[in-house]
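Structure first, then comments.
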Amino acid sequence: MLTSEQVNRVAHLARLALTEDEKQRYARQLSAILDYAEQLANVDVSHVPPTATVLPVRSVVREADVVNQLLTRDEVLKNAPRSDGESFEVAAAITESS
Amino acid sequence: MDYDIIIGIETHVELDTHSKMFCTCSANGFGAEPNVHVCPTCAGMPGALPVINKRAVEFSMMLGVALNCSINQHTFWERKSYWYPDLPKGYQITQYQYPMCYDGYLEFDVRDLSGGWNEQSYRKRVRIRRAHLEEDTGKLTHAGRSSYVDYNRSGVPLLEIVTEPDIFNAHEAYAYLSALQDIVRYLGISTGDMEKGAMRCEPNMSLRPKGTDAFGTKVEIKNLNSLSAVRGAIAYEAKRQSAALDKGEKIRQVTLGWDDVRGVTVVQREKEDAHDYRYFPEPDLPPLDVSDAWLDEVRAQVPELPIAKQARYQSEFGLSAYDAVQLTNNKAVAEWFEKGISAGKDEGPVHPSSFILHPFAKRLANFIIGDLTRLMNASGTAINQIKIKPAQLLGLAKLVEAQTINSNTAKLVIEEMFNTGAEAQAIVQAKGLAQVSDSSVLEKTIGDVLAANPKEVENYLKGNEKLLQFLVGQTMKASKGKANPQMIQSLMKAALERRRL
């Protein structure tokens, strides 16, 4: 069973604010999911190459490095919650990114 | 106490593709109005799907080949999740478990501050741990209680190159980055302009008492936008940290920023909470397989690199290390020089006594490094824009080698060639600049000079031999600089000696 602290950490990483009820419910549900996936530990996969997908598709690339501008800035900024007409405006981001 | 400084460097290089890594927006947004190169994919709109830019993959493999790396022929993309407004999807598409390139090295020369080679110079090898392909983030501008986001840069292909901790001082860091910059420019995969953010490097460094094994606390330095800033910041930190350690203080694990104006490092953030990036395979992109044939094609696109060129110029053309470096710093200059060389490759030595591997290499090199560079700098012209063609400069070299003109005259001729694009031979003929080597003509000029300077002749014969140079100078002047100086020297001496008899 996940601890409430673990649930808090996952919720924080996803920027979710959870009520006490939700925390307990998600602890149960997340634990069930992990237990289900844990069954894979019983399978010998030592001869299976690391698999990122089960689909056969590989190496789909854009052959021509050609510019095609799909949207104007006005169209792009229509999706901005706030903007100054040039940029997306967000609450001051004070810590540096990595 | 004496300390060892141990440095590793992470360098982000923006690849110079036309379009972005995963969409068709322009990747060349530097200096553009905000958000004019943005689409649903690079703005992180739900439902938008990325498609890999093949050229960016090729560029990253080219760098891998140049850095002697192994290339992962089976790789897939992963999501690196963190929240920051410059990252619109909430994750960055990157390579984690299987970087495009791994386990390579870069060899370069560590020279003195002016780029010259002296007895303290040496060849250095830095191991490359990995180079992986990813997408760049947007740009933030902070103003009061808001930040403004420009996504022009979001999704520009970015190659992150990580070294092993093999760098031991500020000079080596400078030399490593400058060699890396030369290579990306030679490959044509990036402008490498640090001032414009096309190449951004983050050294991490730690100190430990000499002779000990355990690594000290590591700090990271950011915000370095020139090679000299890198050198300055590392030198500053080495001094600051050794002084702190001498006083028994602890080094804190922090990220530092470099203040270029004040010449100091400033704490940007404490590195207490380690990030939890939750890497997992990118479900929107299929894995990438690189066939042997594709890899061979890419290998064939990697040109001869500066350090190999330098070695070849020395062994094949007999140039000095200094000349070789000067000619290979810039790929366009090296190519120009080589065109001049190949224009004259079928000719044997003109001067039978001269032991040279290529008859005109040294003269061509001197003209390029000296007069031509001076003329290009003064007029702000790049070598592929100038009027002189490589074969024409070779023509000038031949005239000097054949003693048709002397080297003083050559300076005048190259300037005229630079301004007009005319052939050296034509200029020499039109202006009557050919060196006079006809001894009867020279004898006559010498006779005139001796007649005009009886006092100097008398004093010379009395033992003041320094006056020989004066008389030679007078003769050069009388011939308007066209006389063959070696011939004047010997003819003048003979003429004077005859007067003793």
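The values are calculated or read from the model by the stated rules, or taken from the named source; none is laboratory data. Please read these numbers as outputs of a predicted model, since none were measured by experiment. All Cβ positions, even for glycine, are placed from backbone atoms using ideal geometry, and neighbour counts span all protein chains on display. Note: accessible area is taken over every heavy atom of the protein model, side chains too, but ligands, DNA and RNA are not part of it. Shrake-Rupley method; radii C 1.70, N 1.55, O 1.52, S 1.80 Å.
Annotations for the structure displayed:
- Pair residue B:296, residue B:381: separation of 7 Å Cα→Cβ label points (nm): 4.4 nm
- For region A:5-18, 3J(HN,Hα) per residue [Karplus equation, 6.51 cos²θ - 1.76 cosθ + 1.60, θ = phi - 60°, Hz, x = Gly/Pro]: 5, 5, 5, 4, 5, 4, 5, 5, 4, 9, 6, 10, 9, 10
- Within region A:1-69, trypsin sites (Lys or Arg not before Pro) in DSSP loop having at most 16 other beta-carbon neighbours inside 10 Å: A:15, A:58
- Lysines with Cα under 27 Å of residue B:20, excluding same-chain neighbours fewer than 8 positions away: A:78, B:54, B:80, B:89, B:139, B:196, B:222, B:331
- Distance between region B:23-85 and region B:430-497 - C-alpha centres, whole angstrom: 71 Å
- Only Lys, Arg, Asp and Glu carry charge here, each on its Cβ (+1 for the first two, -1 for the last two); on that basis region B:306-431 has a dipole of about 160 debye about its Cα centre.
- Among the GluC sites (Glu not before Pro) within region B:192-289, those in coil by DSSP and having at most 15 neighbouring Cβ atoms inside 10 Å are B:195, B:249, B:272.
- Label separation (residue B:105 vs residue B:120): 2.5 nm, computed from points 7 Å beyond Cα along the C-beta direction.
- Counting only DSSP beta bridges whose two residues both lie in chain B, roughly 95 percent are antiparallel.
- Cα gyration tensor shape for chain B, rounded if a/c is under 1.5, else prolate or oblate: prolate
- Here the Karplus curve 6.51 cos²θ - 1.76 cosθ + 1.60, taken at θ = phi - 60°, turns the phi angles of region B:229-245 into couplings of 5, 4, 5, x, 5, 5, 4, 4, 5, 4, 5, 4, 5, 5, 5, 5, 5 Hz, with x standing for Gly and Pro.
- Neighbouring Cβ atoms from other chains, within 10 Å of the Cβ of residues in A:81-92, number 6 on average.
- Share of carbon and sulfur in the accessible heavy-atom surface of chain B [1.4 Å probe, %]: 51 percent
- Calculated over region B:140-295: convex hull of Cα atoms, volume per residue (Å³): 211 Å³
- In this calculation the C-beta distance from residue B:242 to residue B:12 is compared with R0 = 41 Å, giving a FRET efficiency of 0.90.
- The value of relative contact order for region B:439-498, using C-alpha pairs under 8 Å at least six residues apart, is 38 percent.
- Heavy-atom accessible surface that A and B bury in contact, both chains counted, 1.4 Å, Å² to 100: 4000 Å²
- Cβ-derived FRET efficiency at R0 41 Å, residue B:82 paired with residue B:316, nearest 0.05: 0.20
- Placing unit charges on the Cβ atoms only, positive for Lys and Arg and negative for Asp and Glu, gives the protein assembly as shown a dipole magnitude near 2240 debye about its Cα centre.
- Per residue, the accessible area of the protein assembly as shown comes to 51 Å² when a 1.4 Å probe rolls over the protein heavy atoms.
- Placing R0 at 45 angstrom, the Cβ-Cβ distance between residue A:4 and residue A:48 gives a FRET efficiency of 0.80 after rounding to 0.05.
- Relative to its residue count, region B:441-501 spans a Cα convex hull of 69 Å³ per residue.
- Shape category assigned to chain A from the gyration tensor of Cα positions, a/c cut at 1.5: oblate
- Set against the 2.2 N^0.38 Å expectation for a compact globular protein, the protein assembly as shown has a Cα radius of gyration ratio of 1.32.
- Projected label distance in nm at residue A:28 and residue B:408, using a 7 Å step from Cα toward the beta-carbon: 10.3 nm
- Cα lying deepest toward the dipole's positive end in region B:306-431, options B:427, B:372, B:400, charges on Cβ: B:372
- Using only side-chain charges placed at the Cβ, +1 for Lys and Arg and -1 for Asp and Glu, the dipole size of chain B relative to its Cα centre rounds to 1740 debye.
- Most fluctuating residue given options A:43, A:57, A:67, as computed from a GNM of chain A linking Cα atoms under 10 Å: A:67
- Length added when fully stretched, residue B:45-residue B:477, from 0.36 nm per residue minus Cα-Cα: 147.6 nm
- For residue B:477, the lysines whose Cα falls under 30 Å of its own Cα, not counting residues fewer than eight places away in the same chain, are B:362, B:398, B:411, B:431, B:444, B:455, B:462, B:466, B:493.
- Most mobile of A:40, A:13, A:55 in a GNM of chain A (Cα contacts under 10 Å): A:13
- Think of the protein assembly as shown as a dipole: +1 on every Lys or Arg Cβ, -1 on every Asp or Glu Cβ, centred on the Cα centre; then among B:487, A:93, B:321, B:487 lies furthest on the positive end.
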